[in-house]
Amino acid sequence: MTTGSSSNAGPTHKLVEAGITLLIALFGVIVIVGSLKAGVNWGAEGPRAGFFPFYIGIFIVASSAINLWNGLREDNDGLFAEWGQLRQVLSVVIPTAIYVGSMPFTGLYLASIVFIAWFMRWLGKYPWLTVLAISLGMPIVTYFIFERWFMVPLPKGPVEEWLGL
Amino acid sequence: MEELVNLFHGFAVALQPFNIMVMIVGIVLGVLIGVLPGLGGANGVAILLPLTFSMSPTSAIIMLSCIYWGALFGGAITSILFNIPGEPWSVATTFDGYPMAQKGKAGEALTAAFTSSFVGALFAVVMITLVAPLVASFALQFGPAEKFAVYFLAFCSFVGLSKEPPFKTIAAMMIGFALAAVGLDSITGQLRLTFGVTHLLNGFDFLIAVIGLFGIGEILLTMEEGLAFRGGNAKINLRVVLQTWKELPAYWITSLRSCLIGCWMGITPAGATPASFMSYGIAKRVAKKGNNFGKGEIEGVVAPETAAHAAGTAALLPMLSLGVPGSPTAAVLLGGLLIWGLQPGPMLFVEQKEFVWGLIASMYLGNLVGLIVVLTCVPVFAAILRVPFSIIAPLILVLCAIGAYSVHSSTFDVVLMLVFGVIGYLLKKCNYPLAPLVLAIVLGDKAEEAFRQSLLGSQGSLGIFFSNTLVSSIMILGLIALFWSVIQQGYTRLRGATASGSQAL
């Protein structure tokens with residue numbers, strides 16, 4: 001894949017779509033393999049566990065083959081997205097992944113404060129005061145609504161334990 | 001007559017002070033969800049579902065269905081004021097709503113949209129009141145083959161009626177079925193497709209999929225567009241409302257037609273979005289001022305809004321009476337019923353009378369409350385829209401994470417949510433519809449169970465699905481729906497051929 005520096009460059013729609021169609025087909029193959037393991041024929045009590053998903057897997061592979069064919073035949077030179085747009089998307093996906101990944105260790109509240117603050121400061125360029133007010137305010141409101149009023153426990157980490165919440 | 005008595009009991013339930021409060025909270029939250037980008041009806045209901053675990057099922061469903069009504073109302077606000085459809089079903093509302101707002105007639109457009117929404121919903125609720133008990137008592141006789149035929153019809157309608165390429169719809173749907181199959185097999189009790197991963201023992205929860213696909217996916221799509229947000233102003237006063245109300249009865253034919261289209265499209269799981277487009281298209285062709293459509297014609301707001309709301313409401317009919325949801329949001333509500341230990345389907349009308357009729361009564365009241373809330377609070381909601389996306393986005397992401405976590409108190413689900421989000425973004429970009437995927441996850445186990453039980457009865461012969469008039473007629477309807485676009489193409493080609501043939505003569 002080529003890397004372009006101009007704002008109008010990016011992966012073509014055709015290429016990405018073909019890739020995704022192949023991934024879906026691969027998923028179908030995995031489903032077929034898994035079904036074969038579970039048994040696709042008739043057992044003592046009727047169709048075995050893999051019977052239904054086996055045909056589903058075949059459907060996935062077959063329809064992906066048609067989609068691939070249609071996609072490649074299509075006269076579409078458009079871009080999937082510009083590199084700049086993809087960078088925007090990744091600037092959300094990567095921090096969200098870090099946020100989600102750190103949640104089991106830090107608890108929801110601390111992770112959320114850092115995440116919101118980072119997002120507002122880095123992408124929104126807000127003054128620190130606004131950043132602090134919202135990034136602290138939201139988890140506090142969440143705490144009262146979920147844990148106090150509706151009794152839904154949320155993941156907690158060492159900080160919450162230290163605060164005795 | 002018995003239904004009427006039941007309905008009055010229902011009103012008594014819905015009018016309890018706590019339930020009215022829940023209704024208002026639900027509507028306000030719903031409008032917020034409808035207005036904010038990245039928080040759709042299905043996703044919003046999924047996130048807030050855990051909040052209702054501590055309530056009684058009746059109050060819980062009232063709150064969740066009111067969130068749904070609110071989201072339906074809210075979608076119109078952003079379409080008209082900002083030319084940004086808050087929900088897919090309000091895309092058609094932008095065609096004439098936004099030009100009206102630009103001409104300084106935002107108040108009229110909003111009043112027309114809200115009122116038509118209300119009319120559409122009311123029509124659909126009356127239909128549900130009259131038809132749902134009949135359908136349910138009819139469906140009580142269904143065996144596994146008939147049950148599977150109904151699922152078959154539902155999924156075929158998706159393929160035939162959606163505007164996405166049919167094989168992409170099939171692929172998306174089958175991915176959903178495959179995800180539903182992961183984990184414990186409900187009939188043999190055997191594990192399958194887990195590949196030794198313990199986290200997958202219980203399979204994929206569709207709530208996680210909904211929050212990821214619709215919530216996170218939508219935010220990623222919005223990020224691509226950049227963070228800029230264009231704002232507008234809105235004022236509605238009583239004079240404008242009354243004046244518009246005086247004008248509206250003139251469009252009663254459009255209204256009625258849109259109601260019928262909406263109800264039909266809502267019951268077959270095509271959903272609110274195609275209903276709104278279809279209704280707009282027909283109104284444009286039929287109306288006297290059809291040429292003016294797209295330039296700010298009030299009829300162009302009435303048609304899609306009525307149909308979308310009628311479809312959104314009618315989608316609950318098959319959910320309640322057959323256990324087959326007509327839209328992703330109805331699917332989430334169905335998931336809620338299962339969590340509260342209620343089995344959706346015909347037995348609900350026999351065993352849970354208070355619940356069903358309380359819900360139906362709350363539909364009447366909820367839409368009335370909704371109309372009042374949106375008419376009076378438009379400036380407030382429009383102001384919320386002006387909060388920049390770089391503040392809204394992280395808050396919505398955190399809310400999605402909380403929603404995903406609280407379904408099973410599992411942080412693994414939160415990771416899964418993000419994975420679904422990225423998948424949703426990619427699939428949406430490649431024109432794969434997400435609604436059939438979600439519906440297949442919800443209904444996968446039930447459809448499979450019905451399918452295998454029917455085959456058990458027939459010793460593996462597919463002939464069971466055509467063994468009596470009832471099941472064969474449902475299956476044939478399904479096949480017609482499946483090949484609908486092909487049939488339509490063939491018909492137009494045939495007509496084109498005969499037309500050119502007669503010209504040649």
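Assorted remarks:
- Qualifying residue in region A:102-113 (condition: in contact with a Leu (Cβ under 6 Å, 6 or more places away or on another chain) and surrounded by fewer than 16 Cβ atoms within 10 Å (Cβ to Cβ)): no
- On the stretch given as region B:407-427, residues that are at pLDDT below 90 and either crowded, with 24+ Cβ neighbours inside 10 Å or more than 11 Å from chain A (Cβ to nearest Cβ) (or both) total 1.
- Qualifying residue in region B:229-240 (condition: at the interface with chain A (Cβ under 9 Å from one of its Cβ atoms) and either in a helix (DSSP H, G or I) or surrounded by 21 or more Cβ atoms within 10 Å (Cβ to Cβ) (or both)): no
- Subset tally (residues that are more than 7 Å from every other protein chain (Cβ to nearest Cβ) and in a helix (DSSP H, G or I)) for region A:81-90: 5
Results for (1) modelled with pLDDT of 85 or more; (2) assigned to a helix (DSSP H, G or I), shown as yes or no for each residue.
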{"position": "B:LYS163", "(1), (2)": "no, no"}
{"position": "B:MET173", "(1), (2)": "yes, yes"}
{"position": "B:ILE187", "(1), (2)": "no, no"}
{"position": "B:GLY196", "(1), (2)": "no, no"}
{"position": "B:ILE211", "(1), (2)": "yes, yes"}
{"position": "B:MET223", "(1), (2)": "no, yes"}
{"position": "B:LEU227", "(1), (2)": "no, no"}
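- For region A:114-146, filtered to residues that are in contact with a Leu (Cβ under 9 Å, 6 or more places away or on another chain) and of a type in the set (Phe, Trp, Tyr), the residue that is farthest from the other protein chains (Cβ to nearest Cβ) is A:TYR143.
- Residues located in region B:242-260, provided they are among the small types (Gly, Ala, Ser) and within 15 Å of B:LYS284 (Cα to Cα): B:SER255, B:SER258
- Screening region A:50-80 for residues that are surrounded by fewer than 18 Cβ atoms within 10 Å (Cβ to Cβ) and among the small types (Gly, Ala, Ser) and picking the one that is farthest from the other protein chains (Cβ to nearest Cβ) gives A:GLY78.
- B:TYR432 vs. criteria in contact with a helix residue (DSSP H, G or I) (Cβ under 9 Å, 6 or more places away or on another chain) and at the interface with chain A (Cβ under 8 Å from one of its Cβ atoms): no
- B:ARG495 modelled with pLDDT under 85, in a helix (DSSP H, G or I) and either of a type in the set (Lys, Arg) or in contact with a Phe, Trp or Tyr (Cβ under 6 Å, 6 or more places away or on another chain) (or both): yes
- Selected residue (only one of B:LEU140, B:LEU221 is away from every other protein chain (no Cβ under 12 Å) and surrounded by fewer than 19 Cβ atoms within 10 Å (Cβ to Cβ)): B:LEU140
- Scanning region A:147-154 for any residue that is assigned to a loop (DSSP other than H, G, I, E, B), at the interface with chain B (Cβ under 10 Å from one of its Cβ atoms) and closer than 16 Å to B:ALA393 by Cα turns up nothing.
- Close pairs from region A:16-43: first surrounded by 14 or more Cβ atoms within 10 Å (Cβ to Cβ), partner hydroxyl-bearing (Ser, Thr, Tyr), Cβ under 7 Å, at least 6 apart: A:THR21/A:SER64; A:ILE24/A:SER64; A:ALA25/A:SER64; A:GLY28/A:SER64
- Here region A:91-111 is the region considered, the condition is being within 19 Å of B:ILE208 (Cα to Cα) and polar (S, T, N, Q), and the residue that is farthest from the other protein chains (Cβ to nearest Cβ) is A:SER102.
- Among the candidates B:THR194, B:THR188, the residue that is more than 30 Å from B:SER406 (Cβ to Cβ), polar (S, T, N, Q) and within 14 Å of chain A (Cβ to nearest Cβ) is uniquely B:THR188.
- Qualifying residue in region B:462-470 (condition: under 22 Å from the mean Cα position of the chain (by Cα) and in contact (Cβ under 8 Å) with a residue 40 or more places away in the chain): no
- Residues that are more than 14 Å from A:ALA65 (Cα to Cα) and more than 7 Å from every other protein chain (Cβ to nearest Cβ) within region B:167-185 comprise B:MET173, B:GLY176, B:LEU179, B:ALA180, B:VAL182, B:GLY183, B:LEU184, listed in sequence order.
- Residues in region B:48-104 that are crowded, with 24+ Cβ neighbours inside 10 Å and not in a helix (DSSP H, G or I): B:GLY86, B:GLU87.
- Tabulated pairs, region B:476-498, first touching a residue at least 24 places away in the same chain (Cβ under 8 Å) and hydroxyl-bearing (Ser, Thr, Tyr), second surrounded by 14 or more Cβ atoms within 10 Å (Cβ to Cβ) and assigned to a helix (DSSP H, G or I), C-beta under 7 angstrom, 6+ apart or interchain: B:SER485/B:GLY160; B:SER485/B:PRO166
The values are calculated or read from the model by the stated rules, or taken from the named source; none is laboratory data. Given the structure is predicted, the values throughout are model-derived calculations rather than measurements. Cβ: placed from backbone, ideal geometry, glycine included. Neighbour counts: every protein chain shown.
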